[in-house]
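Asker: One structure, as structure tokens, below. Some questions next.
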Amino acid sequence: MILTDAKILEGIERGDIVIEPFDRKHLGTNSYDVHLGKTLAVYKDRVLDAKKHNKVEYFEIGKEGFVLEPGTLYLGVTQEYTESHTEVPFLEGKSSIGRLGIDIHATAGKGDVGFCNSWTLEISCVQPVRVYAGMPIGQLIYFSVDGDILNYYNKKENAKYTERTTRPVESMMWKNAF
């Protein structure tokens, strides 16, 4: 079941949902709008290897914005730091972003209960488009869970994305044994 604005506010009051910074004007009927952070990253190598640590180059979006180009995967980050201790957060692109031809996540729209961090965005576009730090980029939707939770993300021994950051985080697939 999707949480309504009232239920999201209740979760924030209880401390089960954390959004920093929080501004009530970004709260929708059943979602919370998140914004593009100032830092983007691109992989240094054109060919990526799932078994190796693929390094990234970071850069900041200036006041004039930054033009995303098709054929390049950009890693972005939300301005907002979030925590979810009793609900499953889903990150979806805003429809206005989709209508500009921007996709903000290739496969990772669902968070885990216990995820505590800013969100890394997997940004791609279908034609050149200028983006700006601070622009609305997505919305968080919270789903209630049914049953006890035995394995919170932030307490998992093998969780790879737990270090708090304000920059996008590259793939840590190389840490998996396969």
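Asker: Name the strands (runs of 3 or more DSSP E) wholly within the range 78-178 that hold at least 2 residues that are of a type in the set (S, T, N, Q) and in contact (Cβ under 8 Å) with a residue 60 or more places away in the chain? Write out each step before concluding.
Answerer: Working: elements: 87-93, 116-125, 129-131, 136-144.
It comes to 136-144.
Asker: Next question. Can you report the number of residues in the range 7-21 which are surrounded by 11 or more Cβ atoms within 10 Å (Cβ to Cβ) and free of Cβ contacts under 8 Å to residues at least 12 places away in the same chain? Let's see the steps before the verdict.
Answerer: In the first step, residues of the range 7-21 are kept if they are surrounded by 11 or more Cβ atoms within 10 Å (Cβ to Cβ); the result is 7-12, 16-19.
Restricting the remaining residues to those that are free of Cβ contacts under 8 Å to residues at least 12 places away in the same chain gives 10, 12.
Of the residues in the range 7-21, 2 are surrounded by 11 or more Cβ atoms within 10 Å (Cβ to Cβ) and free of Cβ contacts under 8 Å to residues at least 12 places away in the same chain.
Asker: Which one of these does D45 not meet: (1) surrounded by 12 or more Cβ atoms within 10 Å (Cβ to Cβ); (2) modelled with pLDDT of 95 or more; (3) under 25 Å from F178 (Cβ atoms)?
Answerer: (1)
Asker: Of the numbered conditions (1) out of contact with any helix residue (DSSP H, G or I) (no Cβ under 9 Å at 6 or more places or on another chain); (2) among the aromatic types (F, W, Y); (3) at pLDDT below 90; (4) within 27 Å of L48 (Cβ to Cβ), Y161 satisfies every one except a single condition; which is it?
Answerer: The failed condition is (1).
Asker: While we're on this one: Is there a residue in the range 28-37 that is at pLDDT 95 or above, surrounded by 17 or more Cβ atoms within 10 Å (Cβ to Cβ), farther than 23 Å from L75 by Cβ and not polar (S, T, N, Q)?
Answerer: no
Asker: Of N30, N54, which residue is part of a loop (DSSP other than H, G, I, E, B), within 19 Å of the chain's Cα centre (by Cα) and not hydroxyl-bearing (S, T, Y)?
Answerer: Values: N54 fails: within 19 Å of the chain's Cα centre (by Cα).
Exactly one of N30, N54 is part of a loop (DSSP other than H, G, I, E, B), within 19 Å of the chain's Cα centre (by Cα) and not hydroxyl-bearing (S, T, Y), namely N30.
Asker: Just need a number here: residues in the range 1-31 that are under 13 Å from E83 (Cα atoms) and in contact with a Ser or Thr (Cβ under 9 Å, 6 or more places away or on another chain).
Answerer: 8
Asker: Sticking with this structure for a sec: From (1) under 22 Å from E163 (Cβ atoms); (2) among the polar types (S, T, N, Q); (3) at pLDDT 95 or above, pick out the condition that doesn't hold for T107.
Answerer: Failing condition for T107: (3).
Asker: Return yes or no: is G71 closer than 26 Å to K44 by Cα and part of a strand (DSSP E or B)?
Answerer: no
The values are calculated or read from the model by the stated rules, or taken from the named source; none is laboratory data. Fair warning: this is a prediction, and the values are worked out from it, not measured in the lab. With ideal geometry, Cβ positions are generated from the backbone for all residues, glycine too; neighbour counts draw on all protein chains shown.
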